[in-house]
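Chemist: Pasting in a structure now, in structure tokens, and then I'll have a few things to ask.
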């Protein structure tokens, strides 16, 4: 027990989990912001800048055979702050547009321009990164990869085109503005932002975790008394918490009802056991003390009370087997009509001396695929229920109806009926209608619950039709078998 308590204490509370989760989300968001600003920003910037250069070249090349080619070229490079040069195959400049102070294109020697042209001859267009080395006083060209990431100061785009039957090369030079200063500035800003956000995040996470976890904690405390039915609803504006409240409140009410039923069951069983035992004890003592006065009526009373005890114990054992999954149907094909005929005949003999009239109506012989013992128990329980609750005329009617491939068995009494609000309750275990409506032979309140369970296991249907003051008709349906 102590080991279990220590293990429970080591578990983190839901409030702490929510707090750490919110705080973790803020930290991850800041980390991603740092990653994007410090690393990804420069890559994205280079990608956008190189894309502008290429799109400008594609736009300009659409006008190579048009009269306004030169004006379109000048306008396009000015718009995107680029430098442009048209070169002949031997590297000579035929046209030049300079719009940037940092342009390297016009500082290239003829030899350097020819080297770029030689690289671009085999391809329609090539992108270079060009950097100036102050030591060697030379420009170094690096062909850009598909990532479009470069550390060069300038980006050159060389594209070959044909004008009036001759090959020319369009060279565009775009300055890659240094983003180091921007990155450092952003980093400083992020540090300040992080110092401001972290305390706010801690306060926000604490408040949110308290707001979310508090009603759950209260529900947990209240739920400890749930087993005894003592649950006080916790007020919350959250839908899920309200639904949980409603569920636990319903569970508390159900537990109270179960406890009430349990107490009533104990009282009923105690009464039903004590009554026959008292009668049997009294009659047996009389037989012992006055053996010459033993009559057939005395013996019959003892037999009747013994049967009552046996029936009660049988019902309790049946419910126990059903609850533990011990009893499962063993279906066979048998004549339901013949089985009911035999059962009704036995009941007539048993109840004739008490003045009961049991009528059996059937219009055909019907076979079913079912567990014969369990179905006979259903019929027996419905007959016992009808005999217990029938009216002063002591009439019970059993009828068989066949329709649509199904057989319906009805057991009717002429009692006072069942109020509509109590109809859903009569199938529950241990539930009994008000004892003022019953005869002296009381049951355990398990009969109809057993009926419901057995019919459900056979995939059948069941129900009751009752009119207050007009008797009740209990019925069940099964599939017919040819």
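The values are calculated or read from the model by the stated rules, or taken from the named source; none is laboratory data. On a predicted model such as this, the values are computed, not experimentally measured, just so you know. Every residue, glycine as well, gets a Cβ built from its backbone with ideal geometry; the counts of neighbours run over all protein chains shown.
Chemist: I'd like to check something: does the stretch 290-297 contain any residue that is in a helix (DSSP H, G or I), at pLDDT below 80 and within 30 Å of residue 210 (Cα to Cα)?
Modeler: no
Chemist: Would the stretch 42-49 turn up any residue that is without any contact (Cβ under 8 Å) to a residue 12 or more places away in the chain and more than 30 Å from residue 219 (Cα to Cα)?
Modeler: Checking the stretch 42-49: at least one residue is without any contact (Cβ under 8 Å) to a residue 12 or more places away in the chain and more than 30 Å from residue 219 (Cα to Cα).
Chemist: Sticking with this one: Can you tell me how many residues in the stretch 362-374 are assigned to a helix (DSSP H, G or I) and under 38 Å from the mean Cα position of the chain (by Cα)?
Modeler: Residues in the stretch 362-374 being assigned to a helix (DSSP H, G or I) and under 38 Å from the mean Cα position of the chain (by Cα): 1 in total.
Chemist: Would you mind finding the one in 221, 210 that is modelled with pLDDT of 70 or more, surrounded by fewer than 16 Cβ atoms within 10 Å (Cβ to Cβ), assigned to a helix (DSSP H, G or I) and in contact with a helix residue (DSSP H, G or I) (Cβ under 9 Å, 6 or more places away or on another chain)?
Modeler: From the options 221, 210, the qualifying one is 210.
Chemist: Quick check: is even one residue across the stretch 390-411 within 23 Å of residue 473 (Cα to Cα), within 49 Å of the chain's Cα centre (by Cα), in the same structural domain as residue 461 (by TED's automatic domain parsing) and part of a helix (DSSP H, G or I)?
Modeler: No - not one qualifying residue is present in the stretch 390-411.
Chemist: Based on this model, can you work out whether residue 382 counts as in contact with a helix residue (DSSP H, G or I) (Cβ under 7 Å, 6 or more places away or on another chain) and surrounded by fewer than 20 Cβ atoms within 10 Å (Cβ to Cβ)? Give the steps one after another, and end with the answer.
Modeler: On the way: in contact with a helix residue (DSSP H, G or I) (Cβ under 7 Å, 6 or more places away or on another chain): yes; surrounded by fewer than 20 Cβ atoms within 10 Å (Cβ to Cβ): no.
Criteria not met by residue 382.
Chemist: Does at least one position in the stretch 38-59 carry a residue that is farther than 30 Å from residue 190 by Cα and in a loop (DSSP other than H, G, I, E, B)?
Modeler: Of the residues in the stretch 38-59, the ones farther than 30 Å from residue 190 by Cα are 53-59.
Add one more test, that the residue is in a loop (DSSP other than H, G, I, E, B), and what stays is none.
The answer is no, given that none of the residues of the stretch 38-59 is farther than 30 Å from residue 190 by Cα and in a loop (DSSP other than H, G, I, E, B).
Chemist: Being in contact with a helix residue (DSSP H, G or I) (Cβ under 9 Å, 6 or more places away or on another chain), outside any loop (DSSP other than H, G, I, E, B) and free of Cβ contacts under 8 Å to residues at least 40 places away in the same chain is the filter here, so list the residues in the stretch 412-432 that pass it.
Modeler: Hits for the stretch 412-432: nothing passes.
Chemist: Can you tell me how many residues within the stretch 326-345 are exposed (fewer than 13 other Cβ atoms within 10 Å of the Cβ) and either assigned to a helix (DSSP H, G or I) or at pLDDT below 90 (or both)?
Modeler: Going through the stretch 326-345 one residue at a time, the tally reaches 5.
Chemist: Quick check, is residue 457 in contact with a helix residue (DSSP H, G or I) (Cβ under 9 Å, 6 or more places away or on another chain), modelled with pLDDT of 85 or more, over 25 Å from residue 359 (Cα atoms) and surrounded by fewer than 17 Cβ atoms within 10 Å (Cβ to Cβ)?
Modeler: Yes, satisfied.
Chemist: Looking at the stretch 68-82, is at least one residue surrounded by 14 or more Cβ atoms within 10 Å (Cβ to Cβ), touching a residue at least 40 places away in the same chain (Cβ under 8 Å) and at positive phi?
Modeler: yes
Chemist: Restricting the search to the stretch 405-425, which residues are modelled with pLDDT under 90 and surrounded by fewer than 17 Cβ atoms within 10 Å (Cβ to Cβ)?
Modeler: 419, 420, 421, 422, 423, 424, 425
Chemist: For residue 277, work out the one condition from (1) at pLDDT below 85; (2) under 43 Å from the mean Cα position of the chain (by Cα) it doesn't fulfil.
Modeler: It fails just one condition, (2).
Chemist: Are any residues in the stretch 62-72 assigned to a helix (DSSP H, G or I) and either under 53 Å from the mean Cα position of the chain (by Cα) or at pLDDT 85 or above (or both), and if so, which ones?
Modeler: Matches in the stretch 62-72: 71, 72.
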